[in-house]
Amino acid sequence: MGELVEAFISGFCRSSNETRTVACEYERQPDGRLKLTEFDCNHEKCPNSSACLIYKEAVERESGEKR
């Protein structure tokens, strides 16, 4: 297992109609990229998941951050 990196992302949640802070956990891969392993929200079942800016930011960190 690689190094674990935690991030907290805040944004507006349309489903709960309020600001939320979501805890994310990434695992650093051998090539330096991050892989999202935990997302403290039920994104898969959310009716607004296609427009979720919090999840979008989490995925952007996964695909864009290298050490």
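Below, the figures for the structure above:
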{"quantity": "Nearest-ten-degree value, helix 53-64 long axis tilted from longest Cα axis of the chain", "calculated": "10"}
{"quantity": "Relative contact order computed over the chain (Cα-Cα under 8 Å; 6+ residues apart), in percent", "calculated": "32"}
{"quantity": "Gain in span if fully extended, Glu44 to Lys56, counting 0.36 nm per residue against the direct Cα distance", "calculated": "3.0 nm"}
{"quantity": "Coordinate range along principal axes, alpha carbons of segment 4-67, Å, largest first", "calculated": "38, 18, 16"}
{"quantity": "Theoretical ellipticity at 222 nm over the chain - DSSP helices of four or more residues, -39500 (n - 2.57) apiece, nearest 500", "calculated": "-5500 deg cm²/dmol"}
{"quantity": "Distance (nanometres) between label positions extended 7 Å along Cα→Cβ at Leu4 and Leu36", "calculated": "1.9"}
{"quantity": "Cα-centred dipole magnitude for the chain, charges only on beta-carbon of K, R (+1) and D, E (-1), debye, nearest 20", "calculated": "200"}
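No lab work stands behind these numbers, since they all come straight from the coordinates. From a predicted model like this one, the values you see are computed outputs, not experimental measurements. For neighbour counting, all protein chains shown are included, and Cβ atoms are generated from backbone atoms with ideal geometry for every residue, glycine included.
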